[in-house]
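The values are calculated or read from the model by the stated rules, or taken from the named source; none is laboratory data. Here the structure is a predicted model, which means the values were calculated and not measured. Here the Cβ positions follow ideal geometry from the backbone for every residue, glycine too, while neighbour counts run over all protein chains shown.
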Amino acid sequence: MRKEKKPIKLNPFIILFSVIVICAIFTHIVTPGVFERQIIDGKTVIDPTSFHTVERTPVGIFKMFLAIPNGFVGASAVMFLVMLVGGSLEVYSKTGALDKGISRILTLSTKVGSSIILLSIMIMFALIGGFLGWCEQIIPFVPLIVSICIALGYDSLVGVASSALVCLISFSISPTNMFTIGIAHQIAELPLFSGMWLRLIILVIFNVLLMGYILMYASKIKKDPSKSLMKDIDTSSLQKDYSAVANEKMSTSQTLAIIIFILTFVISIFCVLKRGWGLNELSAAFTLSAVLSGIICRIEPGEIVTGIIEGSKKSFNGALIIGLARGIQWTMEQGNLVDTLIHAISQPLNHLPTWATALGVFLVITIVNALIPSGSGKAMAFMPILIPLADMVGITRQTMVLAFQFGDGISNTFWFTFGTLLIFLSLGKVPLKQWYKFVIPIEIVISIVACIFLVLATSIGYGPF
């Protein structure tokens, strides 16, 4: 009697470390090269005409494991933000405000319909991704949204899509993302966040397409659960019973806690746009809001600290994946593969027509995004090459930045080397196979729309220059 084969479970840590091993092997094979760096306005950028080959600096076994702590160091600000936001949410949970708030949402769904609640959730995450430029930072919120979606009669895939997927796509065309477009604009010497009008239009169109797609799937599986892509996956552990607090009134202090929670987002968006807040300031803001809410709800100081620690522990797994993913880039840097890759794939772009150059940049950055997920890192590496290329072939710098932005963001929903995507999927127990079945059709549609807008941007001279 033949034994049934057990399904292979893809562990995100194993996947990412395997990529580190592959990159390390390439450092022994590929002839590396480097660009000279120069400091302009306090930022280190490359000289696009200075590429030259150098001796190999192969990454051995010990250095492969050294990539792990060095990846953690490189991604430390994001890791701390993820953990502290998780800790803050745990404090809010201890106040009772979160569960009661969610219970009110579920009660409201019986009056306005679950689709309206789902649409409201998606709009919220579209704003977070589009204007805060958040991506990894929403990790602690995803389990909450998954539990809400399951309670509304959907599956966990809808929970991941309505939060993480919407946020990722909105991030890809964020009009005010300081971490990618902000850096790209500075290097391109464009006014900060200029050309916002077109990005806002694209942001709306992308989200209309995506939200419509998610709502169609959600409606289909609510009517017939057998059509769910998750029908054979056990997600019972993700369910949460909110009925215990359904009839409890929200106290004045809990109402104030919810108001503080909402205000924290509003203030964060304002300060990112107007005061140049970075990841550390956002970490501090959410920690402060949690402490204030705990005090208002008369939680003991020790309990507040315990809540922050417990919440940070829950987010620790996700934070580790982010750090390990950063180790891929560190490995490539040690073997001088980053500049080699940039030089190799940018050369064919010199010989394309103007509209094809914009599309080519979109494709190139999409491919590179598999190995270098850091948007700011790619901006620092690629923009010094892409801007002279734009000037040479006759397309505007703004169009080049738009092509870069599409390539950096849209494929985050696809590449399994993007550690944050693996975290999102694990939080909803969504296998990669089911995810690809769901996301590839809408990814193709959004990519086609992106290409149309790149051709349009090329033809209208999207600027100011």
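For the range 66-85, enumerate the residues that are more than 16 Å from the chain's Cα centre (by Cα) and over 20 Å from residue 328 (Cβ atoms).
Of everything in the range 66-85, just one residue is more than 16 Å from the chain's Cα centre (by Cα) and over 20 Å from residue 328 (Cβ atoms), namely 84.
Let me confirm something: among 424, 404, 453, 416, which residue is over 17 Å from the mean Cα position of the chain (by Cα) and of a type in the set (Phe, Trp, Tyr)?
Answer to the selection: 453.
Just one of 306, 340 is polar (S, T, N, Q), touching a strand residue (DSSP E or B) at 6+ places or on another chain (Cβ under 6 Å) and surrounded by fewer than 24 Cβ atoms within 10 Å (Cβ to Cβ); which is it?
340
Name the helices (runs of 4 or more DSSP H) wholly inside the range 72-127 in which the number of residues that are without any contact (Cβ under 8 Å) to a residue 12 or more places away in the chain is 2 or more.
Answer list for the range 72-127: 97-112, 114-127.
Just one of the numbered conditions (1) surrounded by fewer than 20 Cβ atoms within 10 Å (Cβ to Cβ); (2) within 25 Å of residue 228 (Cβ to Cβ); (3) touching a Leu at 6+ places or on another chain (Cβ under 8 Å); (4) modelled with pLDDT of 90 or more is not true of residue 106; which one?
If we test residue 106 against (1) surrounded by fewer than 20 Cβ atoms within 10 Å (Cβ to Cβ); (2) within 25 Å of residue 228 (Cβ to Cβ); (3) touching a Leu at 6+ places or on another chain (Cβ under 8 Å); (4) modelled with pLDDT of 90 or more, just (4) comes out false.
How many residues are over 23 Å from the mean Cα position of the chain (by Cα), over 18 Å from residue 26 (Cβ atoms) and hydroxyl-bearing (Ser, Thr, Tyr) when one looks only at the range 340-384?
The total comes to 3.
Report those helices (runs of 4 or more DSSP H) wholly inside the range 245-344 carrying at least 2 residues which are of a type in the set (D, E, K, R) and in contact with a helix residue (DSSP H, G or I) (Cβ under 8 Å, 6 or more places away or on another chain).
Once the helices (runs of 4 or more DSSP H) in the range 245-344 are filtered for at least 2 residues that are of a type in the set (D, E, K, R) and in contact with a helix residue (DSSP H, G or I) (Cβ under 8 Å, 6 or more places away or on another chain), what remains is 301-334.
I'm trying to understand the selection: among the residues of the range 379-398, which are free of Cβ contacts under 8 Å to residues at least 40 places away in the same chain and either within 15 Å of residue 47 (Cα to Cα) or assigned to a loop (DSSP other than H, G, I, E, B) (or both)?
Residues satisfying the conditions do not exist here.
Residue 232 fails exactly one of the following numbered conditions: (1) over 19 Å from the mean Cα position of the chain (by Cα); (2) closer than 23 Å to residue 113 by Cα. What is the number of that condition?
(2)
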